[in-house]
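For reference, the structure is listed below as structure tokens.
The values are calculated or read from the model by the stated rules, or taken from the named source; none is laboratory data. Source: prediction; values computed, not measured. Positions of Cβ are generated from backbone atoms using ideal geometry, with glycine treated the same way; all protein chains shown enter the neighbour counts. All accessible areas refer to the heavy atoms of the entire protein, side chains included, with ligands and DNA or RNA removed. Shrake-Rupley method; radii C 1.70, N 1.55, O 1.52, S 1.80 Å.
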Amino acid sequence: MTGITEIALCAPDAAAFAAFVSLAVAQSAVEKTGFGVNIAASNAKISLMTPEGLEAYFDIAGSSVDHGLRGRAILFAVADLAVTEAHLAANGVTYTRKNNRILVKPAPGQGTHFAFEETR
């Protein structure tokens, strides 16, 4: 693993939290997307997504009932996706593949999904 590249947060009106999150990470540049906004923190992208965006990018069903902002996924960069996949399988970790990502559902008490993507 080479590091965290993205942290995905979710809320039905994700863009409403942009000012708060950008202030918290001391970044004023906010990029609007079709599913919310992205904020480039100093070492990772913070994506504020709607439930639809969360499902499209991470295959996670988001709640449109809960109006708060929730941490839902962490995307890790890895040097070799096949090696990561083999390591997960060897340790009995259940995962799925979506596009060029490996997706791991949260373990009990973990609270967030883990996603892995090869560095480019």
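Just a few scattered comments:
- Considering the conditions (1) surrounded by 11 or more Cβ atoms within 10 Å (Cβ to Cβ); (2) touching a helix residue (DSSP H, G or I) at 6+ places or on another chain (Cβ under 7 Å), Tyr57 is excluded by exactly one of them, (2).
- Elements of the type strands (runs of 3 or more DSSP E) sitting completely within segment 47-120 and holding at least 1 residues that are within 30 Å of Ala16 (Cα to Cα) and among the basic types (Lys, Arg): these cover 70-78, 96-98, 101-104.
- Pair list, Cβ < 7 Å and 6+ apart or interchain, from segment 14-42 residues that are assigned to a strand (DSSP E or B) to residues that are modelled with pLDDT of 90 or more and open to solvent by 80 Å² or more (accessible area, probe 1.4 Å): Val37/Glu31; Asn38/Glu31
- Output for segment 31-82, where each listed residue is more than 16 Å from Cys10 (Cβ to Cβ) and over 12 Å from the mean Cα position of the chain (by Cα): Glu31, Lys32, Ala40, Ala41, Ser42, Asn43, Val78, Ala79, Asp80, Leu81, Ala82
- Residues of segment 87-100 include none that is open to solvent by less than 30 Å² (accessible area, probe 1.4 Å), under 18 Å from Glu117 (Cα atoms), touching a strand residue (DSSP E or B) at 6+ places or on another chain (Cβ under 8 Å) and among the polar types (S, T, N, Q).
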